[in-house]
Each structure stands twice: as structure tokens, then as C-alpha cells.
Amino acid sequence: GHVSRYEETFAGLEGAMAFIPFVVLGDPTPDDSLAVVDALVAGGADMLELGIPFSDPIADGPTIQAASLRARRAGTTPLRALELLAEIRRRHPSIPMGLLVYANLVRLDRFYADVAAAGADSVLVADVPTREALPYAQAAKAAGVAPVMIAPPNASEATLDRVAEISEGYTYVVTRRGVTGAEREAGTADRGGLIDALKARGGAPPVLGFGISTPEHVRAARDAGAAGAISGSAVVRRIEANLDDPSRRREQLYDFARTMKAATTS
């Protein structure tokens with residue numbers, strides 16, 4: 001199944017941490033977003049987290065909302081996003097690819113089969129609370145897709161039990177409240193012990209996914225015991241800063257990925 005790409009990649013890291021950039025499929029344009037992903041992979045991304053452009057991404061900060069808008073204006077429908085996903089899969093056969101989506105994109109009868117066919121390994125549905133996650137998780141697993149669950153700050157024991165039980169591929173650990181985005185103070189310190197609590201329950205590898213924009217944040221995530229770190233807004237800002245200069249954009253994304261990846265082991 002699709003879980004195996006995660007397992008193989010985590011195992012191949014031999015205890016080093018995964019660097020996982022997030023971008024919105026189709027940002028700044030469908031063709032350009034393929035070059036964006038190629039640059040990040042060339043720079044050392046171990047896994048990819050990819051968004052399907054959405055009109056009202058409530059969990060996202062302004063940087064990623066703007067990316068979603070750019071992608072939509074450039075003609076990135078959900079169908080086009082899946083075509084891009086399939087092309088990324090052709091170019092990068094072994095890299096784990098996770099989708100971050102919102103519930104109103106997810107028709108349980110077909111969504112997971114469609115994304116599996118396009119080559120996705122996991123799906124995180126950002127606005128579905130843990131207690132309502134089971135139908136999504138069951139539909140995902142039936143299609144061979146890993147359902148990724150969020151472990152929120154101040155999670156109850158019961159929530160952590162459910163997250164550890166349901167989540168596959170990895171567990172998305174949020175150590176502070178609010179929307180995503182490196183604009184705010186980084187929340188890489190796992191003060192609540194979420195990572196240890198998930199590990200004690202035998203959950204899927206814990207990946208920190210909030211406010212990670214510098215090598216220092218990556219090292220802090222590693223020190224907290226995370227198996228990976230997702231960086232979204234910091235990546236997307238480098239796209240936003242170079243909309244009219246594809247070669248400079250590629251260079252900046254490649255350099256950023258290299259710097260962040262280096263911090264996973266140093």
C-alpha cells in the first residue's frame with residue numbers, strides 16, 4: 001500500500017529527520033509548480049506535502065491563502081491539481097507525497113480512489129475533528145491511502161489514543177494554537193510532551209508542522225524527538241517573492257531546501 005513509501009523513507013533516514021516542504025499545487029501556475037517541486041526535491045526534500053487550491057482555507061495563514069488564490073487564478077482546478085500530482089509522481093517515483101485538503105473537496109465515494117490513482121500516499125483533511133475522522137480514515141484505507149491525523153496542542157488522552165490508532169504514514173503534530181504560517185512566533189517547542197505521548201502509544205512517526213521556517217526551528221524539532229518537520233509558509237514566501245523570475249525562484253527554493261535538510265543532521 002501507499003503507507004510503504006513513508007515507512008521506506010523513514011527507515012532509510014536511519015534516525016535522521018525528514019525535511020518536508022509544503023506547497024500549493026498550481027502555485028504560481030500549473031507548469032511553474034512542477035519546477036518548484038523539482039527544485040525542492042533536488043535540494044533534498046525527503047517527502048512532499050501538497051495543497052489542493054481551495055477558496056476558503058480556514059486553517060491557513062495569509063501566505064498560503066494567497067498561494068491558493070494564485071493557483072486558482074492560474075486555472076488550477078482540483079482536477080488539474082490531480083494531473084499535476086500524477087506528473088510529480090512520474091518524475092519522483094519513490095518520494096512520499098501527502099495531500100492537505102479541506103472536507104468539502106472530499107467526496108468519500110471517490111476522492112481517495114482518485115488521489116491514489118494520481119500517486120498520493122496520504123491525505124490530511126484539515127478541518128475534520130478527530131471525533132469525526134473515522135469515515136474519512138476508513139475510506140482512505142480502503143483506497144490504499146494513509147489517513148494522516150492531527151495531534152493538537154492540549155490534546156486529551158482519549159484524542160491521543162484515537163490519533164495514534166487511526167493515523168498512518170505520519171502524525172501531524174501541532175504544538176501551538178492558531179493558523180499556519182511562519183509570520184508568527186515559531187512553535188517548535190513541544191512543551192506538552194505530545195511527541196513522547198504519541199511514541200508511547202506506538203503511533204505513526206510524529207512530524208512537526210507549524211511555524212517551521214529556519215534551520216534553528218528544524219534543530220528544535222529534532223531535539224524534541226520529531227521524525228520530520230514540515231515547512232510551508234517559508235517555502236511559499238520564496239515563490240511569492242519571485243513570481244516573475246523563475247530561475248531565481250528555483251535557486252532560492254533549492255538553497256532553502258538544502259539549508260533546511262542540512263539542519264536535520266547537524
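The values are calculated or read from the model by the stated rules, or taken from the named source; none is laboratory data. Predicted model only: the values in this text are computed from it and were never measured. With ideal geometry, Cβ positions are generated from the backbone for all residues, glycine too; neighbour counts draw on all protein chains shown. In case anyone asks, the SASA skips ligands and DNA or RNA and just uses the protein heavy atoms, side chains included. Shrake-Rupley method; radii C 1.70, N 1.55, O 1.52, S 1.80 Å.
When 247, 122 are compared by accessible surface with a 1.4 Å probe, the order from highest to lowest is 247, 122. Of the GluC sites (Glu not before Pro) found in segment 8-66, those in coil by DSSP whose Cβ has at most 12 other Cβ atoms within 10 Å are 14.
Computed on the Cα trace of segment 1-130, the radius of gyration divided by the Kirkwood hydrodynamic radius gives Rg/Rh = 0.95. In this structure residue 31 has an accessible area near 110 Å², from a 1.4 Å probe over the protein heavy atoms.
Within segment 187-256, the trypsin sites (Lys or Arg not before Pro) that combine a DSSP coil assignment with at most 13 other C-beta atoms in a 10 angstrom radius are 191. Listed values (i) 1, 6, 13, 16, 16, 13, 10, 8, 6, 3, 2, 2, 1, 1, 1, 0, 0, 0; (ii) 1, 6, 11, 16, 20, 18, 12, 8, 4, 2, 0, 0; (iii) 1, 7, 15, 19, 22, 19, 12, 5, 1, 0 include one computed from this model; for P(r) over Cα pairs in 5 Å bins from 0, in percent that value carries the label (iii). With protein chains left intact and a 1.4 Å probe, residues in the chain average 41 Å² of accessible area per residue. Which Cα, out of 54, 224, 39, lies furthest along the positive dipole direction of the chain (beta carbon charges, K/R +1, D/E -1)? Farthest along the dipole direction, towards plus: 54. Couplings 3J(HN,Hα) for segment 41-56, derived from phi with the Karplus relation 6.51 cos²θ - 1.76 cosθ + 1.60 (θ = phi - 60°), are 5, 4, x, x, 4, 8, 8, 10, 10, 10, x, 9, x, 9, 5, 9 Hz, where x marks Gly and Pro. Ordered from largest to smallest accessible area (heavy atoms of protein chains, 1.4 Å probe), the residues 7, 240 come out as 7, 240.
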